[in-house]
Every structure is written in C-alpha cells, then in structure tokens.
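What follows is calculated from the coordinates using simple rules that are stated; it is not laboratory data. Just so it is clear, the structure is predicted and the values come from calculations on it, not from any experiment. For neighbour counting, all protein chains shown are included, and Cβ atoms are generated from backbone atoms with ideal geometry for every residue, glycine included.
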Amino acid sequence: MTAETSPALPLRERKKLRTRQTLIDTALDLYGAHGFDGVTLDGLCEAAEVSKRTFFRYFDSKEDVAMAPTQDLWAAFLDVLEDFPADGRGLLALFEDVLVEAVGRMPADGWAGRVLASRRLAALTPSMDAHGLAFCDRTTRSALAVAERRFALPGPAGRLHARLALDLLVVAFHRALDGWVAQPAGHTPEDLVRRLRATAAELPRALTTRAEPHA
C-alpha cells in the first residue's frame, strides 16, 4: 500500500506512507550505489531528510528498511490468511493461494523493482540474510497461530502438519524468488507468481523422488 494507491486514507496516514516509502527507496538507492556497509544510518536519514527518531518509528535497523519490500508481502500474507475461506482444500494449497493473493495486493508502482534491488543487495550482505531468517521464523509462527485459530487441524499431529506446510511454502517461495531475481528480464509480480506456482507444483515429486545409485 502506498499513499498514491490509498487516496481514501486520512492525510496524516498518507503522509506516513509517503515517509516510509521515501526511506525504503532512499535506502535501496544508497545501498545499491555504495554497498550496505558503505551507508551509515545518519547518512541515510540525511538523504531521506528525516531524523533518526523518525526512522525508528518505521524501522528497527538498516537491514529492516532494506528488506521491507518482501516483509510487506508477508505482512499482507498474514492479513489475507485472517479472512481466507476454509473450504476443505489441503493446507499447502491454501497457503499457496493466500500468498498469491498477497502478491496481488502489493502496490503496482515499483514494488517488483524494490524486491529485485533488495534481493540483489541481500546476496552481498550476510547481515540481511540473518535478519531475514529471524523475520521468516517470526512470520511462520504468526501464520501458524492464525491457522490454529481459524482451521480445524485434525489429530495430535495437526499443528505439526500446518507448520510443515508453511515451511514448504516458504522454501518454494524462496526458490521461486531466486529464479525470478536471476532471470535477465520479466521481473513482474505476475512472473513471480508463475514461478511460485511452478515451484510449488514440484513439491510432491521432491518428496517422493528416490535416491537411486548411478548405473
């Protein structure tokens, strides 16, 4: 969501969204030009024309602002999961559809480009990977709590099955995201969804592929 895509929001909220987006865009531009470690928080705030106090109203760290594009996607995933219908489909398929809808909720004005810049930066920045793992664990736990509250998870292993389904979705998403980032062109949300669908479709075969010796 951006201030431009949400004109119905009060002016104060639209200003907050604009400030947050300015911080994200400025951070990605500076990190891309000078490297993550080559940009100080003071330098980032100066370039974005905000105080450090304002920065910390929106983000917890330099890593946090750099990873905001994908973190926003998973925040939308949790929002969609709260209302997604329980219609008897398999949990993994349901979680996949929730994530696809979350992608559809991302702003059209440059979100895919920001994800691309963020992921390319993360490949060069170990602290971003560590930050991403912690975020991923928190998000998975939050999604599991929603699933337990909203869906009947049968038997003593129901919670475990839901957690495994979420873990598999996260793995499929990251493999799809890696392929999407590596491709030379076509970095659109629609192409990311196609890669996610194709990768998720391989999960059953991955679980049943046998380790046979070479002939």
So, relative contact order of the stretch 1-60 in percent, Cα under 8 Å, 6 or more apart, is 24
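If you place +1 on the Cβ of every Lys and Arg, -1 on the Cβ of every Asp and Glu, and leave all else neutral, what size is the dipole of the stretch 21-78 about its Cα centre, to the nearest 20 Debye?
Details: 4 positive and 10 negative charges, 36 e Å.
Charge dipole, the stretch 21-78, about its Cα centre: 180 debye, nearest 20.
What do you get for Rg/Rh of the stretch 1-60 when both radii come from the Cα atoms and Rh is the Kirkwood radius?
Rounded to two decimals, Rg over Rh is 1.03.
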In the chain, helical segments from DSSP H whose Cα atoms cover 27 Å or more along their own axis and that average at least 0.5 on the Kyte-Doolittle scale are 158-182
What does the helix-only formula give at 222 nm for the chain: each DSSP H stretch with n ≥ 4 adding -39500 (n - 2.57), the total divided by the residues, and the result rounded to the nearest 500 deg cm²/dmol?
-23500 deg cm²/dmol
Counting other C-beta atoms within 10 Å, which of Lys16, Lys62 has the fewest, and how do the rest follow?
Lys16, Lys62
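Given Cα pairs under 8 Å that are at least 6 residues apart, what percent is the relative contact order of the stretch 160-200?
Working: 21 pairs, mean separation 19.4, N = 41.
So the answer I get is 47 percent.
Taking other Cβ within 10 Å of each residue's Cβ, how do Arg149, Arg194, Arg141 sort, fewest first?
On the way: Arg149 8, Arg194 14, Arg141 11.
By the 10 Å Cβ count, ascending, the order reads Arg149, Arg141, Arg194.
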Find the centroid of the Cα atoms in the stretch 50-115 and in the stretch 163-215, then give the distance between the two in whole Å.
19
Point-to-point label distance, Ala75-Leu124, nm (Cα→Cβ direction, 7 Å offset):
2.6
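Volume per residue, Å³, of the convex hull around the alpha-carbon atoms of the chain?
Each residue corresponds to 162 Å³ of Cα convex hull volume.
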Taking only C-alpha pairs under 8 Å that are 6+ residues apart, what is the relative contact order of the chain in percent?
19
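Give me the dipole magnitude in Debye, nearest 20, for the chain about the Cα centre, with unit charges on the beta carbon: positive for Lys and Arg, negative for Asp and Glu.
Details: 27 positive and 29 negative charges, 69 e Å.
Value, rounded to 20: 320 debye.
Dividing the Cα radius of gyration by the Kirkwood radius, what Rg/Rh value follows for the stretch 94-215? Please report the intermediate quantities before stating the final value.
Working: Rg = 16.4 Å, Rh = 16.3 Å.
Rounded to two decimals, Rg over Rh is 1.01.
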